[in-house]
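Following: one structure in structure tokens, then a few remarks.
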Amino acid sequence: MSGEFVDVGDDVQIWASSSGEGPTVLLSAGLGMPAQTWAFSGLPDALVAAGFRVVTYSARGVAPSSAPPAPYSVHDIAADAAEVLDHFEVNEAIVVGYSMGCYISQALFDVWGGTVRGLAMVGGLRSSTIGVVVNEMELELLEKLGHVPGSVSLFEQLMTIPSAAILRDDAQVANWRAMLTASSENVWTSVDGQHGQTRASYDWMRLGEPTVERLADITCPTLVVGFGDDLFFPATQSQEAASHIPNAQWLHVDGVGHGGLIFDPERRATDAVTAFCRTL
């Protein structure tokens with residue numbers, strides 16, 4: 001995927017790309033998720049084929065973007081996304097967030113002067129206590145050790161990305177372990193990047209976000225997708241949160257964990273987001 005660096009101020013450069021022609025869709029990724037990872041979901045290609053221009057970016061802290069000193073806030077990352085949209089001369093966009101990208105998508109309303117035509121939030125609306133505990137664990141390791149050991153990251157991924165059925169099958173768990181280990185190249189620009197993004201995620205949850213008031217202020221057409229085996233963002237909690245958004249559709253995708261956007265062989269979330277964008 002070809003891209004370019006966007007100067008967002010304070011010596012911070014954000015790697016971003018634009019592909020396709022038509023109405024713009026901005027994709028905001030999850031914690032530690034490089035922009036290129038979207039390709040594995042099939043969503044960018046599906047949107048381009050449907051007649052959209054797709055803008056992606058690697059948030060501050062994720063390679064190859066800059067990693068200024070921690071801490072960061074969700075609004076800092078959203079402000080970077082707004083600068084990316086301005087760089088590509090976008091005045092109106094459909095916004096799609098996955099996992100922590102859902103936080104960023106909501107904060108974009110506060111920092112961007114353009115118009116959000118529609119909002120899709122996938123696997124990331126209302127976090128669980130497990131999500132809070134994992135962020136606390138990572139922050140403590142970063143502060144005490146200066147890094148998060150690879151074995152800890154692997155365990156976290158194994159327990160959250162696959163479905164519950166896979167986790168009950170030891171042979172499949174072994175296969176997932178090999179796959180995740182093989183693909184465990186460092187996604188972070190530096191430890192500051194991991195620390196900054198993790199702190200942003202933790203502070204958002206600790207402050208009780210998204211509040212009912214924030215959700216009620218989202219007036220554009222909205223799609224919320226929850227995954228049945230998602231430990232970080234339980235579907236029941238995200239569905240309840242979605243009920244406070246005035247113009248929201250809810251989709252429950254069963255049989256997949258937090259990685260359901262990428263690892264669902266039926267690509268139900270990808271198809272739903274693409275169909276939603278075509279209605280706008």
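The values are calculated or read from the model by the stated rules, or taken from the named source; none is laboratory data. Keep in mind that what you see is a predicted model, and the values were worked out from it rather than measured. Using ideal geometry, Cβ is built from the backbone for each residue, glycine included, and neighbour counts are taken over all protein chains shown. Keep in mind that these areas ignore ligands, DNA and RNA; they rest on the heavy atoms of the full protein, side chains included. Shrake-Rupley method; radii C 1.70, N 1.55, O 1.52, S 1.80 Å.
Quick one: pull the percent of accessible area on the stretch 87-178 belonging to carbon and sulfur, 1.4 Å probe, ligands and nucleic acids left out.
Values: 2190 of 4120 Å².
Its accessible area is 53 percent carbon and sulfur atoms.
Provide the percentage of antiparallel DSSP beta bridges, counting only those with both residues in the chain; round to the nearest 5.
Details: 10 of 36 bridges.
Taking every DSSP beta bridge within the chain, about 30 percent pair in antiparallel fashion.
Please find the FRET efficiency linking Thr279 to Ser2, where r is the Cβ-Cβ separation and R0 is fixed at 35 Å, and quote it to the nearest 0.05.
Numbers: r = 30 Å, r/R0 = 0.85.
Once the sixth-power term is evaluated, E becomes 0.75.
Under a point spin-label approximation (7 Å from Cα along Cα-to-Cβ), what is the Asp170-His252 distance to one decimal in nm?
3.3 nm
Compute the length gained on full extension between Val111 and Val152: take 0.36 nm times their separation in residues and subtract their Cα-Cα distance, giving the result in nm to one decimal.
Numbers: separation 41, 0.36 × 41 = 14.76 nm, distance 3.46 nm.
Contour length minus Cα-Cα distance gives 11.3 nm.
Okay, helix-only estimate at 222 nm for the chain: each DSSP H run of n ≥ 4 adds -39500 (n - 2.57), divide by all residues, round to 500 deg cm²/dmol; what do you get? Mind showing how you got there, number by number?
Working: 12 runs with 122 residues, N = 280.
Helix contribution divided over all residues of the chain: -13000 deg cm²/dmol.
Size of the dipole of the stretch 1-123 about the Cα centre, Lys and Arg at +1 and Asp and Glu at -1 on the beta carbon, nothing else charged, in debye to 20? Mind dumping the intermediate values first?
On the way: 3 positive and 13 negative charges, 90 e Å.
Rounded to the nearest 20 debye, it is 440 debye.
Of [x] 115; [y] 141; [z] 199, which is the value of volume of the Cα convex hull per residue in Å³ derived from the coordinates here?
Here volume of the Cα convex hull per residue in Å³ agrees with entry [x].
Normalised radius of gyration for the stretch 205-269, please: alpha carbon Rg relative to 2.2 N^0.38 Å, two decimal places. Let's see the in-between values first.
On the way: Rg = 12.5 Å, N = 65, 2.2 N^0.38 = 10.7 Å.
Working it through for the stretch 205-269, the quotient is 1.16.
Could you do me a favour and compute the accessible area per residue for the chain, 1.4 Å probe, result in Å²?
Working: 12010 Å² over 280 residues.
Spelled out: the 1.4 Å probe surface of the chain, per residue, equals 43 Å².
For Asp45, project a label point 7 Å along Cα to C-beta. Then give me every residue of the stretch 246-280 with its amide nitrogen under 19 Å of that point.
Output list for this probe position: 260-275.
Sorting check: for 196-204, 4-12, which peptide has the highest mean count of neighbouring beta carbons within 10 Å, and how do the rest follow? Display every interim value, and only then the final one.
Numbers: 196-204: 23.0, 4-12: 13.9.
Answer by packing, highest mean first, reads 196-204, 4-12.
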